[in-house]
1. Taking the Cα centre of each part, how many Å lie between segment B:61-85 and segment A:106-144?
2. How far is helix A:112-124 tilted, in degrees, relative to the longest principal axis of the Cα atoms in chain A, given as a value from 0 to 90 rounded to the nearest 10?
3. So what does log10 I(q)/I(0) come out to for segment B:101-233 at q = 0.09, 0.18, 0.19 Å⁻¹, using the Debye formula with one equal point on every Cα and no solvent?
4. More than 16 angstrom separation, counting every C-alpha pair in segment A:26-80; what % is that?
5. For segment A:35-113, compute Rh as the Kirkwood radius over C-alpha pairs and then the Stokes-Einstein diffusion coefficient at 37 °C and 0.692 mPa s; write the answer in µm²/s, rounded to an integer.
6. What Rg and what Dmax come out for chain A when only alpha-carbon atoms are used, in angstroms?
7. For B:ILE292 and A:ASP19, what is the calculated FRET efficiency with R₀ set at 56 Å and r taken between the beta-carbons, to the nearest 0.05?
8. Need one number: convex hull volume per residue for chain B, Cα atoms only, in Å³.
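Just so you know, all these numbers are worked out from the coordinates, no wet-lab data involved. Just so we're clear, the structure is a prediction, and the values are computed from it rather than from any experiment. So basically every Cβ, Gly included, is an ideal-geometry build from the backbone, and we count neighbours across all protein chains shown.
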Amino acid sequence: MSEESILRVEGLVTQFSTDRGLVKAVDGISFNLRRGETLGIVGESGSGKSVTNLSILRLVQSPPGNIAAGQVIFQGRDLLQASEEEVRLLRGKNISMIFQDPLTSLNPVLKVSMQIAEAIQLHHGQGRKAARAKAVEMMKLIGIPDAERRADDYPHQFSGGMRQRIMIAMALSCNPDILIADEPTTALDVTIQAQILELIKNLSAKDKTAVILITHDLGVVAGMCDTVCVMYAGRIVERASVDELFYDPKHPYTRGLLDSIPSVDLSGPDRLYSIPGAPPNLIDMPDACPFAPRCSKVMEVCARSMPPETLLDAETSRSVRCWLHTKENRNA
Amino acid sequence: MPENQYLLDVRGLKVHFPIEKGLVFKRNAGWVRAVDGVDFSIRKGEALGLVGESGCGKSTTAMAVAQLQTATAGQVFLEGRDLAKLSAKGLRAARKDFQLVFQDPYSSLDPRQKAQDIIAEPLRIFAKNGLITMDDTAIQREALSLMDRCGLSASFAGRYPHEFSGGQRQRIGIARALALGPKLIIADEPVSALDVSIQSQILNLLKDLQKDFDLTFLFIAHDLAVIEYFCTKIAVMYLGRIVEITDSATMAKNPLHPYTKALLSAVPLPDPRKERGRRRIILKGDVPSPSIEYRGCPFRERCPEAMDRCSLSPPSLMATEEGHQVSCFLYGGA
């Protein structure tokens, strides 16, 4: 746990103005990422996981988006205050990103080697030839067969799994400190998912790259992550090590999520638990726990005010945002 | 075993799509063998899960069973009737017995109809064609009671699809499928588009409905965990064929086909300790194209246990024990 922190997000708020009101997609998020750590961010659609990570790299489109508050500290600098040029120099070099759908994230009219080489040319000032050679080397590293020949192919000539490998090659070509993977395997079949996850795991272990893995799949989290943040309605409701989260979840939402997934080894219950209702609409949220209407352990206070984030273990920075676990309630 | 025990019996089902070349003078440049000889049967009250990766032909199989896709070869028997042999009128009447639930509740509901009308539509069509006798008041009442049964408040009856969440829309789709009192529900990835917390709501609803309405399911999904939870029997498909078929418990504990083993080992378990102790079978490469005609076993190029004979002829589905069939030379077969 003594590894140095390389990225610190503090009180991040990202909102979108829409015709129907202000949407606080991310509402006060803080976390710490250590070198070599794999941090999972889990949550359902609309919980703010992707917006959190787009905000880190200042990729939120504005308008309608707007990073209203917070700090993102990387190498002692606040990226939210840095100039656009400074952030641009970090993107792809120090912090890079892979997205869910590799076909829409790749340029269809450029050879894949050129797309991989682009970052190398840009950030390392290498010539075309040297960059292409490095691109081919990256393609070999990520397991594209016949890389030398396929380097001149276009994205549509690759399968979904191969395209995602190319995205990973692009993202890792400059040996970044942080890799942000936003649902990297959601669009892929399960046997291909296994290949890609294995690849991310091995490559990040080799270079001690820190990974932020955004996913809705708790199985992927169990196999990949060291630490997990569970998001609900724009906030982190629980932060824990992967073992603590799965074997001793504190927040009723985490508990509910874990109980509602079937397991392939039939170790689960005969009947799945299901959390009633649906996630809330984020427009003009009241000052109350957003999970209260669906919570099995709801108390009177939950509808009156938002629970504070309670630190349960200072050393592991385990925390939960629930009235059941606030200091007063735990001591009572 | 008397045949009438089976509600659905599918034999030698093939669906091949032509690959056309040329702009003006179209010529046939080959075939995509989406479904290439599939046999299975479902007993009344059972739920059979068809599982496999994208492009393995599971949805095409479902569409061919539902007579929404013409089969190239093979038969589909529902309670002993060959559905393809029915007249257009006969088929329309028979549709009462088998209904579909689709994957995407956003695109499978008419955006300009109210929830109650969407659910009532099958009844109205059947009443209009004289296949059932119900007046409109009775139909309205039935639609409301179906909404209630599927967990939708009657106050939502006048709402349009866009006013519902994804889970609620899927409930509308399910209510519509139940309207005619079907015996068989063909559900094509009914929970894949839903969030985890909503997915379990819908799975539990389907389980309750199965019991209450005595339904039989053909359930298609790519998620093995969902299939194992919902289904009593599982068929694993690969490149248009069934490679293994058995009951859920056997599939989980004693999978035989190398592809099934790899598939099971690739599914992430929501349990960190088990995940750390797991040895994954990582398959090499991708699923090959279904347009190539294979002389041997279609899985052999990715198979970790391929032998010489696998390239000579394709294995056929053979029983290794009561209720467990596998298509692999490792377990005998000519």
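1. 50 Å
2. Its long axis makes an angle of about 80 degrees.
3. -0.25, -0.98, -1.09
4. Here the long-distance tail beyond 16 Å is 47 percent of all Cα pairs in segment A:26-80.
5. 223 µm²/s
6. When restricted to Cα atoms, chain A yields Rg and Dmax of 20.8, 69 Å.
7. 0.60
8. Spread over its residues, the Cα hull of chain B gives 172 Å³ apiece.
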